[in-house]
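These notes concern the structure reproduced below.
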Amino acid sequence: MKRATYLFRRLVATAALALLVAAPPALAHPGHGDEPPPPANAAPRAIAHSDIFDLVGVLGPDARLWLYLDRYSSAEPIDNAEISATLDGQPVQVTRSAEATYVVSHPLLGQAGPRSLIFTITAGSDVDLLPLEIEVPAVATAAAAAPGWRETAIRAAVEPMVWAAGLALLLLGVLVGRVAAPRNLPPLVAADTVPLKPRVEPALETPHKAAAGGVPARAAAAPMALVLALVALPVLAQPLDQPRRQPDGSVFVPKPTQRLLGVRATIVDRADAPVSLQLVGQVIADPNASGRVQAPQAGRVESPEGGFPALGSRVERGQTLAYVVPVLGAQERSGVQATLAELDSQIGIAQQRTQRLAGLAGSVSTREIAEARAELDGLRARRAAVAEGLNGRLAVQATASGFISVAAALGGQIVDAREPLFEIVEPTRLWVEAVAYDGGMVADIAGARATTSAGLTLDLAFIGRGLALRQQAVPLQFRIVNASPGLSVGTPVTVTVQTNRRAAGIVLPGEAVIRSAEGPPIVFEMTTAERFVPRPVRVQPLDGRNVLVLAGLDSGKRVVTEAASLIAQIR
């Protein structure tokens, strides 16, 4: 038991020491101008840029300089560029490692001290010369050597959390050792007067005595080494250059992470743009290219040959969609039957009169004979109409050409007159109806655009406005230009109406402006190649895709236009 306690204490103490030794070096790198340096545990790096290119050099642990080349104005990676370089006046070779990533290898990059590089970059018709100054730290040159006490003390001084973790493990080991220490218990049986000498096997008579439970000390030390490796591994394998938010509120995003996020930027400038207004609306069917099919009278619904048309099926104007068989009550049916009986009697009398007049063709005028025949034909037609209303069926036909959007007909269903059975919509001809509570703001409309909740943008053409208020609002109707397939009637949209009034500001894509954690909208200014600073702004909608920044941003700044929401999530 004492041996196990001793081994456990050594395990905890060794783990604490491993945390101190394996702590990553905290080296400060010189900034560029007034810009704050990168995070302390980031790899040594340097940044150079011109009006054309943006170049970032990162010194890896293998003493190789990794280069990331982008367009300065848009932060777009540049691949297959021709790069030549000199290192402290000596020409060095630059090779392409990956897309828009290049590598410089030279023994001088493994020697501590400042290094001066000059790059000549050619990308298409663009040629530029960029100088780069990078400091090779002494720790990087001795990465393969074990750190001494001085280096360990320096690391611990800048990493107080490591000291705290080590002391906590040390105190835990002392506490557990005190609890697990063996205690003298009174014997349960009196000891014999003549002690027996235990028989010792020759194989066990070794300098290393057996541990408790018959486990050798060497085997008991194996778990200690395993736990030590598990404790030190996360520290040693901690990746460098992780994106993080810095104390001043800016966000450090290394170039490899920017490539994964797809960060893009633009250099902004002030301009005049039309003042816009956002309205709430929904997609409606074009009344000139849609129709509603209703039951012509009360009755029972029957399907035509081939069955009822399904949702989304194409129909043509005049096509039979269903049949309605009239359903009469007992009183109505008896009245119709009495009318048929009366018509049958009148038809018999008219038929006899017609035959009698036809037999007197010489003595009776032809006019009387024609009138008798006409009266007989009229009675027969009247009887056929009444009989069809009693036993016949009415065809329900399509009122427009298009696609079935609503199908409410079922076989055997009893419907009332004017009850809707089908609705037909032409998806290529759709409108948007919006309401404006301030009629003066939409008195002069220059253009409009709608946006769905899914982010789909629709170009609109203004049709007209209502002259009567509808729930204290002015209805506006727009025609969708080139309607997107899959758009449904009734889809809610946000309509951005452009007026002829103009305001000065900076035009940015809508995705460049995001909501901050505090609530106000912000944009991210790209102050350097890997530093992004949030800027609170005041904006107003422009055309559904873009917004107009009225305050908070100056001309000439480089602003993130894509992946701004992803940068805001970095902590």
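Derivation of every value follows stated rules applied to the coordinates shown; laboratory data play no part. No experiment lies behind these values; they were computed from the predicted model shown. For neighbour counting, all protein chains shown are included, and Cβ atoms are generated from backbone atoms with ideal geometry for every residue, glycine included.
Rounded if a/c is under 1.5, else prolate if a/b is larger than b/c, else oblate: which is the stretch 453-512, with a ≥ b ≥ c the root eigenvalues of its Cα gyration tensor?
Cα axes put the stretch 453-512 in the oblate bin.
Out of residues 5 or more away from residue 92 or on other chains, whose amide H comes under 5 Å of its own, with H placed 1.01 Å from N in the peptide plane?
Answer set, sorted by chain and number: 85, 86, 87.
Take every Cα-Cα pair in the stretch 489-543 and report what % of them are more than 18 Å apart.
So the pairs more than 18 Å apart make up 51 percent of the total in the stretch 489-543.
Under the rule of at least 5 residues apart or a separate chain, name every residue whose amide H is placed under 5 Å from the amide H of residue 493.
Close amide H contacts, sequence-distant or interchain: 281, 282, 283.
One quarter of the convex hull surface, Cα atoms only: what value does that give for the stretch 291-425 in nm²?
Value for the stretch 291-425: 10.7 nm².
Can you run phi through the Karplus equation (6.51, -1.76, 1.60; θ = phi - 60°) for the stretch 363-376 and list ³J(HN,Hα) in whole Hz, with x for Gly and Pro?
So the J values, rounded to whole Hz, are 9, 10, 5, 5, 5, 5, 5, 5, 5, 5, 5, 5, 5, 5.
Per residue Cα convex hull volume for the stretch 511-571, in cubic angstrom?
Taking the convex hull of the Cα positions in the stretch 511-571, it is 88 Å³ per residue.
Treat the stretch 45-141 as a sphere of radius equal to its Kirkwood radius over Cα pairs and apply Stokes-Einstein at 20 °C in a medium of 1.002 mPa s; give the translational diffusion coefficient in µm²/s, rounded to a whole number.
D = 160 µm²/s.
Among 259-271, 82-94, what's the highest-first ranking by average C-beta atoms within 10 angstrom per residue?
Top to bottom by mean Cβ count within 10 Å: 259-271, 82-94.
In the stretch 497-567, which GluC sites (Glu not before Pro) fall in coil by DSSP and have 13 or fewer other Cβ atoms within 10 Å?
Here the sparse-neighbourhood loop sites are 518.
Give a quick list of trypsin sites (Lys or Arg not before Pro) in the stretch 307-412 that DSSP marks as loop, anything other than H, G, I, E or B, with at most 16 other Cβ atoms within 10 Å.
317, 393
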